[in-house]
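Student: This is the structure I want to talk about, given as structure tokens.
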Amino acid sequence: VDHYLARIDEHQHLNVFTEVYADGARTQADAVDQKLASGTAGRLAGMVIGIKDVLSYKDHGLRAGSRILDKFTAQFTATAIQRLLDDDVIIIGRQNCDEFAMGSSNENSAFGPVRNAADPSRVPGGSSGGSAVAVQAGLCLASIGSDTGGSVRQPAAFCGVVGLKPTYGRISRWGLIAYASSFDCIGPIANTVEDAALLLEIMAGPDDFDSTVSSQPVQAYSQEQLPNRPLRIAYLRDGVESPGIDASIREATQRKLDDLRAAGHTVEPVDLSLLQYLLPTYYILTTAEASSNLSRFDGVRYGYRSQSDASDVSTLDLLSLYKKSRTEGFGAEVRRRILLGTFALSASYYDAYYTKAQQVRRLIRQETERVFEHYDFLLSPTTPTPAFKLGEKTGDPLQMYLADIFTVQANVVGYPAISIPNGSDGDLPIGIQLMAPPFAEGALVALAKEMQ
Ligand code: GLN
């Protein structure tokens, strides 16, 4: 703990932690010491982790990178976090992220941007940017993030670490602040596939507090081996051939494909005819869900309340209290998405946008299922470019959304996917992504281990 606290101190300029639990972590470490001495320590004894600022940890601050949760304290602990604590993990702090996990660069945080440790003039990716840089810069051993459209895998790729998004429903969402409930997944970020797998197997499994969580048995993912036969691996043709992808990423991906072929696996290109509809589908459905989920932040029940009204209760008009609190409390990107989502759900446009996007989601799922009738894995670059400069895409949300072109599919269909490091372009890390069928995390992790 002292080692990590010193490193956190030396790396303040990266703006990774929004709160450091120095005393709490030391107290936890003492307790773990005693358990180790008495032989009662859990599987994670001594593992120091950080948690993204969207995960509830009882009696600790919780802000979702937002002003609207100003001074809010978590009332209970997320199931996933409680399971890690039960196995004696040590939590060293709360990590900066895009506001309500909306973003691809960690520039949408009320706490200011996080910087990439490989090049501090560049973004770490988002929305779990703080969580990825924490592992990259050695400020903790692993982090717990959330992934709605790539928020664990894309920053992992930008920072040269491992990011794992499990199958939808594999880990309980209880205690995760909701962004888009039918997409949201909790996922680990770590230095190695083994660490990510171990964290997954401890967090996964049924929970009475989340009815969408699966009762499928949890395997010992960290121990899984590949079957002793050649694998059938599809890769996204666009990921290695499209001129829209950086040359360094196309070449690094191609090299990996050659290695897999040399190891005796079948490696073949596939085309997704619906690729161009992935981002529109994702952004219509997630903004619709977000507009509903974020309606609870009204200036009354949680955190921030506009001072202009609260100062004089006698003149308080409820509607203007809501409006002022939400206008002042939410940042620009969150407001944009609430408005987009409200529009997509409005009576006159519901069928044209929301219903249509639901239909396309089903078609994307069917097309993905067809790919997995013939293949065990689907491989692609994690991102089309390495980490970009701070400020480079903030003026153009559509450019920013393109950073997720390869990651959103797994969330649209609910499949598990992992990003592992795949070399670099100069100093800038490159990631490669593997996707597997639902609940095939064991095989996913086993192949990723072989490739890392
Ligand atoms: N960058 C994507 C978005 O802004 C994904 C975010 C996430 O996975 N939470 O929605």
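Since every read-out is calculated from the coordinates, none of them should be taken as a lab result. Here the structure is a predicted model, which means the values were calculated and not measured. Backbone-built Cβ (ideal geometry, glycine too); neighbour counts: all protein chains shown.
Residue by residue, here is whether (1) over 30 Å from S181 (Cβ atoms); (2) touching a His at 6+ places or on another chain (Cβ under 9 Å) holds:
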| residue | (1), (2) |
| --- | --- |
| P206 | no, no |
| S211 | no, no |
| I249 | yes, no |
| G264 | yes, no |
| E268 | yes, yes |
| A290 | no, no |
| N293 | no, no |
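Student: Residues to consider are I177, I189, I171, I245; find the one that is more than 30 Å from D87 (Cα to Cα) and either crowded, with 19+ Cβ neighbours inside 10 Å or among the small types (G, A, S) (or both).
Tutor: Checking each option against the conditions leaves just I245.
Student: Hey, another quick one. What tally of residues in the range 213-245 results from selecting those that are touching a residue at least 60 places away in the same chain (Cβ under 8 Å), touching a strand residue (DSSP E or B) at 6+ places or on another chain (Cβ under 6 Å) and not in a helix (DSSP H, G or I)?
Tutor: Residues meeting the conditions: 5.
Student: Which of the residues that make up the range 321-355 are more than 24 Å from the chain's Cα centre (by Cα), in a helix (DSSP H, G or I) and either surrounded by fewer than 14 Cβ atoms within 10 Å (Cβ to Cβ) or free of Cβ contacts under 8 Å to residues at least 40 places away in the same chain (or both)?
Tutor: Residues satisfying the conditions are L321, Y322, K323, K324, T327, F343, Y350, D351, A352, T355.
Student: Show the residue pairs that are 6+ apart or on different chains and have beta-carbon atoms under 9 Å apart, the first residue being within the range 252-269 and in a strand (DSSP E or B), the second being of a type in the set (F, W, Y) and buried (at least 19 other Cβ atoms within 10 Å of the Cβ).
Tutor: That search, which allows pairs on different chains as well, returns T266/Y375; V267/Y235; E268/Y235; E268/Y375; P269/Y235.
Student: When I338 is evaluated against the numbered criteria (1) away from the ligand (no atom under 16 Å from the Cβ); (2) within 17 Å of P280 (Cα to Cα), which criterion, by number, is the only one it fails?
Tutor: (1)
Student: Follow-up question, since we're still on this one. Go through the range 1-38 and give me each residue that's of a type in the set (S, T, N, Q), within 18 Å of N96 (Cα to Cα) and touching a strand residue (DSSP E or B) at 6+ places or on another chain (Cβ under 7 Å).
Tutor: Once the filter is applied, which keeps residues that are of a type in the set (S, T, N, Q), within 18 Å of N96 (Cα to Cα) and touching a strand residue (DSSP E or B) at 6+ places or on another chain (Cβ under 7 Å), the range 1-38 yields only T18.
Student: Does A137 fit the bill of being surrounded by fewer than 23 Cβ atoms within 10 Å (Cβ to Cβ), touching a Pro at 6+ places or on another chain (Cβ under 8 Å) and farther than 21 Å from T27 by Cβ?
Tutor: no
Student: Hey, does the range 427-450 have a residue that's at positive phi, touching a residue at least 60 places away in the same chain (Cβ under 8 Å) and of a type in the set (A, V, I, L, M, F, W, C)?
Tutor: yes
Student: How about the range 359-452: which strands (runs of 3 or more DSSP E) wholly inside it have at least 3 residues that are crowded, with 24+ Cβ neighbours inside 10 Å, within 16 Å of the ligand (Cβ to nearest atom) and within 21 Å of the chain's Cα centre (by Cα)?
Tutor: By residue number, 417-425, 428-435.
Student: Still on this structure, please answer the following. Yes or no: D210 away from the ligand (no atom under 16 Å from the Cβ), more than 30 Å from R26 (Cα to Cα) and among the acidic types (D, E)?
Tutor: Yes: the conditions hold for D210.
Student: Please go through (1) aliphatic (A, V, I, L, M); (2) without any contact (Cβ under 8 Å) to a residue 40 or more places away in the chain; (3) within 16 Å of the ligand (Cβ to nearest atom) for L85 and return the number of the only condition it doesn't satisfy.
Tutor: Condition not satisfied by L85: (3).
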